[in-house]
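For reference, the structure is listed below as structure tokens.
Rule-based calculations on the coordinates, nothing more; no lab input. Keep in mind that what you see is a predicted model, and the values were worked out from it rather than measured. Quick reminder, even Gly has a Cβ in these numbers, built from the backbone with ideal geometry, and neighbours come from all protein chains shown.
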Amino acid sequence: MKNFITQKRDRLYCEKCDNLVHYKTIKQSETFKVKGEKIEILSEKAICIECAHLLYEPYLENENFKKAYSIYAKRNGLILPEDIKRIRTKYSAIQVVFAKAIGIGEATIQRYEVGSLPSKSNSDLIKKVENPSFFLEILEQNKDNLSMTDYNKLLQNIKKCIEEEKGDLIEEKNTELITLEFGDIKFDKLQGTIAAILKNLKQQGMTYTYRTKLFKLLWFVEAAYYELFGKKLTNIEFAHLPHGPVPDNYDSLMMFLQNNKLLIEKREEEEFYGNHYEVTQIFLLDETAEKYLEESEKGIVERVISEYGRLTSKRLSEISHEDERYKNTFNGDLM
């Protein structure tokens, strides 16, 4: 299969018209035989716009072959060209360095990336090097194929990927634990709601807020949403505590929001009525998380913050104590 035809021709030679002509393309079923296996595809063909005679257009024919080869590769568990390039790019390696590092010829990798079918052994090898720890072993086996500069650069890139994947694994495990702890919570809606609350407070001139205030405002948003739609917005469970309704397991919840880079908490000293206290200030990091909310949901948040945003944490707690669900539960109960 020819691999380096990068664009269609403007005009083609038509034997029937005996001239260079403009053409259009049509779709038609076509069967290819790839390594003895019949592969049927919907090919794109060129026909003369003057006489409708079928024309040979190299780019289109090459693309048709690539489509058939791709189907064969998927059926037989062979790695696809786009996946080879993605894996190589993951380590910021050019073709020649990647090929030498895994012990395959540069021309071979080049052919694979433009559509040629890899052997089963080479396909399996390339799949395995997506794991940076495995790639590190292969690199050590083939280090003599590379210059010291290329070796050191690739080595650092592989080690960087190993560290990143460790971090991703820890974050994934934390998310799994949070999910188990909170059950059916809608995490996207939660992040969107928190982002919208903090963003609206910021528009009122408050660059940060406190836990008590944030939790009460979240409660008021949920109450307003439930009153309007008869269901929960985030599926958060609230517990009855002395200062009013608070999200159940709130420490784990705040850890989740920080791990997801939605917000950050800072311990600072502030003065109240001549006395100094250490408080936790909450700052919004990702305003774009508001995208998880529908416009109607954003409207509810805006309305709640407009009504309650300027009130103190103490006053918000007092108002929440008047809620019938709070009155009819005891300390520690879910509301």
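Our estimate of slack between Thr280 and Asp184, defined as 0.36 nm per intervening residue step minus the Cα-Cα distance, is 31.8 nm. For segment 28-42, backbone nitrogen atoms closer than 19 Å to the point 7 Å from Tyr59 Cα along Cα-to-C-beta are found at 28.
Working from label points 7 Å from Cα in the Cα-to-Cβ sense, the Glu50 to Gln28 distance is 2.0 nm.
Across every direction, the projection of the convex hull enclosing the Cα atoms of the chain has a mean area of 28.1 nm². Estimated from the Cβ-Cβ distance and a Förster radius of 45 angstrom, the FRET efficiency linking Glu40 and Thr288 is about 0.50.
Looking at this model, which pairs from Lys24/Lys74; Lys202/Lys231; Lys27/Lys67; Lys186/Lys298 are more than 20 angstrom apart at the alpha-carbon? Result: Lys24/Lys74; Lys202/Lys231 exceed 20 Å. For Glu163 and Glu140, the FRET efficiency from 1/(1 + (r/R0)^6), where r spans their Cβ atoms and R0 equals 30 Å, is about 0.95.
Across the chain, Cα pairs under 8 Å and at least six residues apart give a relative contact order of 13 percent. Once a ≥ b ≥ c are taken as the square roots of the eigenvalues of the Cα gyration tensor of segment 81-176, is the result rounded (a/c under 1.5), prolate (a/b larger than b/c) or oblate (a/b not larger than b/c)? Cα axes put segment 81-176 in the oblate bin.
Subtracting the Cα-Cα distance of Val114 and Ile71 from 0.36 nm times their residue separation leaves 14.0 nm of extension gain.
Three principal axis extents describe the C-alpha atoms of segment 58-114; from largest down they are 32, 26, 18 Å.
Residues Lys66, Lys128 in ascending order of nearby Cβ atoms (within 10 Å, fewest first): Lys128, Lys66. Segment 189-214 and segment 285-323 have their alpha-carbon centroids 7 Å apart. Other residues whose C-beta falls under 12 angstrom from the C-beta of Asn122 contribute a net charge of +3, scoring Lys and Arg +1 and Asp and Glu -1.
If you take all other residues with their beta carbon under 12 Å from the beta carbon of Asp83, and give Lys and Arg +1 and Asp and Glu -1, the sum is +3. Shown here for segment 13-81: chymotrypsin sites (Phe, Trp or Tyr not before Pro) in loop regions (DSSP other than H, G, I, E, B) with at most 13 other Cβ atoms within 10 Å, namely Tyr56. The order of Glu324, Glu40, Glu63, going from fewest to most other C-beta atoms within 10 Å of their C-beta, is Glu324, Glu40, Glu63. What separates the Cα centres of segment 227-252 and segment 48-72 is a distance of 60 Å. Taking other C-beta atoms within 10 Å as the exposure proxy, Glu137, Glu57 rank Glu137, Glu57 from fewest upward.
Assuming charge only on the beta carbon of Lys and Arg (+1) and of Asp and Glu (-1), the dipole of the chain about its Cα centre is about 1480 debye to the nearest 20. When shorter helices are ignored and each DSSP H run of at least 4 residues is given -39500 (n - 2.57), the per-residue value for the chain at 222 nm works out to -16000 deg cm²/dmol. If a spin label sat at a point 7 angstrom from the Cα of Arg303 along the line to its beta carbon, the backbone N atoms of segment 212-233 nearer than 18 Å would be those of 217-233.
In summary, the lysines within cross-link reach of Lys159, defined as a Cα separation below 17 angstrom excluding same-chain residues under 8 places away, comprise Lys90, Lys128, Lys143.
With a cut-off of 15 Å between beta carbons, the residues surrounding Gln28 carry a summed charge of -2, where Lys and Arg count +1 and Asp and Glu -1.
Residues of segment 242-262 with backbone nitrogen within less than 15 Å of a virtual label 7 Å along the Cα-to-Cβ line of Phe330, please, listed as ranges. What the label zone holds, given the 15 Å backbone N cut-off, is 242. The residue list Ile236, Asn200, Ile162 was ranked by how far each Cα lies along the charge dipole of the chain toward its positive end, using unit charges on Cβ atoms, and Ile162 comes out on top.
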